[in-house]
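What follows is a short report on a single structure.
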Amino acid sequence: MSEVLEQDFQQAVRTAVTKAKIPVRLWRQPTGKILPRQGGAIEAAPPGAADLTGVPTTGSGYRIEVELKGARTKVGDDQDTWRDNMEAWCCGYARIRYDRKLSFEANVDAAVATIAALVARFGCTHPDEDLVQHVAGGVVCTRCGWRNGGRPREATGG
């Protein structure tokens, strides 16, 4: 059995996310510099950036980052740094590794489920009915776990 190419896995996952109607818009995020034939350089994402990036289409304002790894693809230090930064900056992040014990389709399905859970968490707009007072102060969203840091929720009007 031949190894599945990481880019084939990525493309299948992107297509499956769209077919599953997960409320997210993902796109490929190249890293480094792209050198066009006509000269010059186009600077892409920093080294270590996730393969896919995007935003939930729920209007939450969060960024989603998805790193897809082949069965044997190594994780670089710069990729760990990117993950740590994304998590520190409150972005949704998932690293999904292809499992050779599963079929291609099962790997895609598992990746889609992981992305759906990530989008559900970071795509939450904290509806009023899901907000409750937190024992330590402030409010918490019972849907996604977000907490406002101890300040009462301000009315948004409208």
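The condition of being within 23 Å of residue 144 (Cβ to Cβ), modelled with pLDDT of 95 or more and either assigned to a loop (DSSP other than H, G, I, E, B) or not assigned by TED's automatic domain parsing to the domain that holds residue 146 (or both) holds for only one of 113, 49, 12, 117, that being 113.
Yes or no, residue by residue, for (1) surrounded by 15 or more Cβ atoms within 10 Å (Cβ to Cβ); (2) at pLDDT 85 or above; (3) of a type in the set (Phe, Trp, Tyr):
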position	(1), (2), (3)
53	yes, yes, no
58	yes, no, no
70	yes, yes, no
79	yes, yes, no
102	no, yes, no
107	yes, yes, no
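The residue of the range 15-26 that is surrounded by the most Cβ atoms within 10 Å (Cβ to Cβ), among those that are part of a helix (DSSP H, G or I) and of a type in the set (Val, Ile, Thr), is 17.
Residue 65 meets the stated requirement of being on the phi < 0 side of the Ramachandran plot, outside any loop (DSSP other than H, G, I, E, B) and crowded, with 16+ Cβ neighbours inside 10 Å. Answer yes if at least one residue in the range 87-97 is in the same structural domain as residue 47 (by TED's automatic domain parsing) and assigned to a helix (DSSP H, G or I), and no otherwise. The answer is yes; a qualifying residue exists.
Among the listed residues 38, 29, which satisfies the condition of being among the polar types (S, T, N, Q) and loosely packed, with under 10 Cβ neighbours inside 10 Å? Before the answer, list the steps.
Working: 29 fails: loosely packed, with under 10 Cβ neighbours inside 10 Å.
After applying the criteria, what remains is 38.
Condition test on residue 59, is it in the same structural domain as residue 28 (by TED's automatic domain parsing) and under 30 Å from residue 3 (Cα atoms)?
Details: in the same structural domain as residue 28 (by TED's automatic domain parsing): yes; under 30 Å from residue 3 (Cα atoms): no.
Judged against the criteria, residue 59 is not a match.
From the set of residues in the range 120-140 that are in a helix (DSSP H, G or I) and within 16 Å of the chain's Cα centre (by Cα), which is nearest to residue 48 (Cα to Cα)? This residue is 122.
Within the range 97-117, how many residues turn out to be free of Cβ contacts under 8 Å to residues at least 24 places away in the same chain and either in contact with a Leu (Cβ under 8 Å, 6 or more places away or on another chain) or over 19 Å from residue 26 (Cα atoms) (or both)? Residues flagged as free of Cβ contacts under 8 Å to residues at least 24 places away in the same chain and either in contact with a Leu (Cβ under 8 Å, 6 or more places away or on another chain) or over 19 Å from residue 26 (Cα atoms) (or both) within the range 97-117 amount to 6.
The values are calculated or read from the model by the stated rules, or taken from the named source; none is laboratory data. In this text the structure is predicted, and so the values were computed from the model without any measurement. Every residue, glycine as well, gets a Cβ built from its backbone with ideal geometry; the counts of neighbours run over all protein chains shown.
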